[in-house]
């Protein structure tokens, strides 16, 4: 049995690089114990959400077309795909090529389970992804409230003195920031400023950050971002946006929870100059109006003319686009109330789930995933980190007693340690509370799945491909999975 192994981590941090090494070692031993043959290990680091951007996965898919292996092994479904449709397409492709697909933590095996089970496991992985996103958000929120910068790279024109302190870089980048503000006040627009910077070949923000394949061209958007960033006057503004879709990475403004802490670092631009620039930017800003998305937007089709159906707020219903724009002379016109459609789909999904899924088997899979979660590991790491910080405090006291550091340095370092310790202890309490609440979580999830009393956009997008509605009230639902 020739085996292809796929491993992935979401960042290039040292801890995650260690994780990928552990994954490789695990699969090498796993394959050896099974007396199989390892063909190749494919890996992706800091690859993002899109399958197309994962070079390792793309190489695996290309080799699968040539029949270079018989089975694909990966740690969990969430490591492989978090988008149900993409995941299903990949598994179907493997099956068509007689390639087996197995995940270790979820216990999924394409030879034993059908697509419906795979869809359910992907949905669970999506829920876990959302919870993880919320935990990361909470950690960043705590740091922001303490005046700590959350970004991985310092803003253009600055450098990190230590983990929590930013100072002006006092190099070409600091000069460029001052030049940008100066040119804008002289009356030059964003396009002319970008053109001027490109003419002189000044390093772009991505170049200054040392990013791979960084762009060498200044764009108007980069200029606007610098001109509107309060960081340059010494203020820290964070939590300006939040992720609303963990699959696509879509972010939205977070005006209600913006955290502003003034004078956290030395500014590059005078506050009066900054305010004048904001005034001018505001005068030129164009307002944009977004489209509202409803529950069945994009998947509802008129069965009479095959055109999309649109939600009408005054009727709380969906109507045919042809009728809405051209009148009933051009289409018989399908029409359905949103409330009726929700009840119909919930009823049909409930029937499918009860006929095709075993409660005990699903509960077993969910509890296995919970048990294999990293909450306990995180708790142990936090406790170790707190112990290390206490040891640092002891060493700091010894250094001051031995006159190796003065009182001013002692107070500064002690504050830093206390701040870090306080943050770790807060995170520890959150994890402990979450672990307490997880008792009975599996039973609750299974209960909700089998009752199927409500729908949301995530459930609809994962399970339903298209819905056709006809004039006589007939509804045809096309699912993303095969029964």
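Of the residues making up the stretch 299-314, those that are within 30 Å of the chain's Cα centre (by Cα) and touching a residue at least 60 places away in the same chain (Cβ under 8 Å) number 2.
Being at pLDDT 85 or above and at positive phi, is that true of even one residue in the stretch 97-105? First the steps, then the outcome.
Taking the stretch 97-105 and keeping what is at pLDDT 85 or above, we get 97-104.
Restricting the remaining residues to those that are at positive phi gives 98.
The answer is yes, given that some residue of the stretch 97-105 is at pLDDT 85 or above and at positive phi.
Of the residues making up the stretch 319-338, those that are closer than 15 Å to residue 475 by Cα and either touching a helix residue (DSSP H, G or I) at 6+ places or on another chain (Cβ under 7 Å) or in a helix (DSSP H, G or I) (or both) are 333, 338.
Report yes if some residue within the stretch 166-188 is in contact with a strand residue (DSSP E or B) (Cβ under 7 Å, 6 or more places away or on another chain), farther than 30 Å from residue 281 by Cβ and modelled with pLDDT under 85; otherwise report no. No, every residue in the stretch 166-188 fails to be in contact with a strand residue (DSSP E or B) (Cβ under 7 Å, 6 or more places away or on another chain), farther than 30 Å from residue 281 by Cβ and modelled with pLDDT under 85.
Okay, residues lined up against (1) in contact with a strand residue (DSSP E or B) (Cβ under 9 Å, 6 or more places away or on another chain); (2) surrounded by 16 or more Cβ atoms within 10 Å (Cβ to Cβ); (3) at pLDDT 70 or above:
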site: 427; (1), (2), (3): no, yes, no
site: 432; (1), (2), (3): no, no, yes
site: 444; (1), (2), (3): no, no, no
site: 453; (1), (2), (3): no, no, yes
site: 459; (1), (2), (3): no, yes, yes
site: 464; (1), (2), (3): yes, yes, yes
site: 476; (1), (2), (3): yes, no, yes
site: 479; (1), (2), (3): yes, yes, yes
site: 482; (1), (2), (3): no, no, yes
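The residues of the stretch 357-407 that are part of a loop (DSSP other than H, G, I, E, B) and modelled with pLDDT under 80, listed by number, are 357, 358, 372, 373, 374. For residue 237, the conditions (1) at pLDDT below 65; (2) in a strand (DSSP E or B) all hold with the exception of (1). Look at (1) in contact with a strand residue (DSSP E or B) (Cβ under 9 Å, 6 or more places away or on another chain); (2) touching a residue at least 60 places away in the same chain (Cβ under 8 Å); (3) in a helix (DSSP H, G or I) and you find that residue 68 fails only one, number (3). Residues considered: 268, 260. Of these, the only one that is within 24 Å of residue 156 (Cβ to Cβ), modelled with pLDDT under 90, touching a helix residue (DSSP H, G or I) at 6+ places or on another chain (Cβ under 8 Å) and assigned to a loop (DSSP other than H, G, I, E, B) is 268.
Listed by first and then second residue, the pairs with beta-carbon distance under 6 Å, at least 6 apart or on different chains, first residue in the stretch 401-418 and touching a residue at least 24 places away in the same chain (Cβ under 8 Å), second assigned to a helix (DSSP H, G or I), are 417/389; 417/392; 417/393.
The values are calculated or read from the model by the stated rules, or taken from the named source; none is laboratory data. Treat the numbers as computed from the prediction; the structure is a model and nothing was measured. Cβ sites come from the backbone with ideal geometry, for glycine too, and all protein chains shown count toward neighbours.
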